[in-house]
């Protein structure tokens with residue numbers, strides 16, 4: 001019986017460009033954010049697009065999936081903020097993850113925190129994430145131009161919804177001990193309210209988001225959750241070329 005074929009990404013480290021600032025390991029405390037609204041939506045995209053954009057150390061999801069994610073934090077150590085990301089679903093070994101393609105933030109202090117602690121290369125943007133009686137709208141505006149708008153409709157409450165929503169930890173390209181690595185975002189979630197429904201992207205400017213070829217196709221679902229978020233210190237790193245099953249995913253030594 002032949003072994004199953006494993007799919008890997010094809011992107012070489014040189015194609016990623018220069019990573020952002022090195023991670024800051026100075027503060028290892030847990031940061032608590034209360035009543036965070038998270039609007040998270042999934043869409044299929046062509047498998048060849050995903051494989052071409054994932055590094056050799058990661059497996060694509062099957063089917064290939066892209067995610068948009070909007071966070072609206074009402075209070076915390078850096079005040080009110082909105083954080084938005086676009087990511088490709090992937091796996092380190094068997095563990096689901098998301099490789100961040102682009103990230104944006106409307107609060108400089110929050111952007112600095114997420115950049116230094118987790119490697120999010122946040123661009124400045126005007127971000128909206130609003131719920132009305134019939135829909136949820138997440139929008140990213142850069143230089144007065146809307147580059148992404150995700151709309152969720154037909155939302156229904158999910159009883160005991162915290163068990164129905166799983167957020168795959170994001171991976172960000174950054175510098176750890178002088179080497180370009182993927183840093184894994186760490187957080188815990190205490191769910192208070194969960195809705196699930198349909199989602200679509202009436203506006204998706206792939207070029208402004210960062211890659212012309214990334215175009216969502218079939219919508220899968222959207223969720224809106226309100227939860228307390230526990231931001232934990234980063235603990236794991238992923239090599240760009242060595243798969244997790246060969247030792248490429250490891251705990252950050254001494255951190």
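The values are calculated or read from the model by the stated rules, or taken from the named source; none is laboratory data. From a predicted model like this one, the values you see are computed outputs, not experimental measurements. Here the Cβ positions follow ideal geometry from the backbone for every residue, glycine too, while neighbour counts run over all protein chains shown.
Considering the conditions (1) buried (at least 16 other Cβ atoms within 10 Å of the Cβ); (2) in contact with a helix residue (DSSP H, G or I) (Cβ under 9 Å, 6 or more places away or on another chain), residue 204 is excluded by exactly one of them, (2).
Can you find even one residue in the range 6-27 that is out of contact with any helix residue (DSSP H, G or I) (no Cβ under 9 Å at 6 or more places or on another chain) and more than 19 Å from residue 239 (Cβ to Cβ)? Looking through the range 6-27, none of the residues is out of contact with any helix residue (DSSP H, G or I) (no Cβ under 9 Å at 6 or more places or on another chain) and more than 19 Å from residue 239 (Cβ to Cβ).
Listed conditions (1) within 16 Å of residue 90 (Cβ to Cβ); (2) at pLDDT 95 or above; (3) surrounded by fewer than 16 Cβ atoms within 10 Å (Cβ to Cβ) are all met by residue 238, apart from (3). Entry remark, the range 129-154: residues being closer than 18 Å to residue 72 by Cβ and either modelled with pLDDT under 95 or part of a loop (DSSP other than H, G, I, E, B) (or both) number 6 in total. Residues in the range 165-199 that are assigned to a strand (DSSP E or B) and under 20 Å from residue 61 (Cα atoms): 8 in all. The residue of the range 104-128 that is nearest to the chain's Cα centre (by Cα), among those that are touching a residue at least 40 places away in the same chain (Cβ under 8 Å) and not in a helix (DSSP H, G or I), is 120. Taken over the range 7-24, the criterion of being in contact (Cβ under 8 Å) with a residue 40 or more places away in the chain and more than 21 Å from residue 92 (Cβ to Cβ) is satisfied by 21, 22, 24. Scanning the range 61-91 for residues that are over 19 Å from residue 205 (Cβ atoms), touching a helix residue (DSSP H, G or I) at 6+ places or on another chain (Cβ under 6 Å) and buried (at least 23 other Cβ atoms within 10 Å of the Cβ) turns up just one, 81. Only residues that are modelled with pLDDT of 90 or more, assigned to a loop (DSSP other than H, G, I, E, B) and at positive phi were counted across the range 13-35, and they come to 0.
In the set 186, 154, only one residue is on the phi > 0 side of the Ramachandran plot, in contact with a strand residue (DSSP E or B) (Cβ under 9 Å, 6 or more places away or on another chain) and in contact (Cβ under 8 Å) with a residue 12 or more places away in the chain; that residue is 154.
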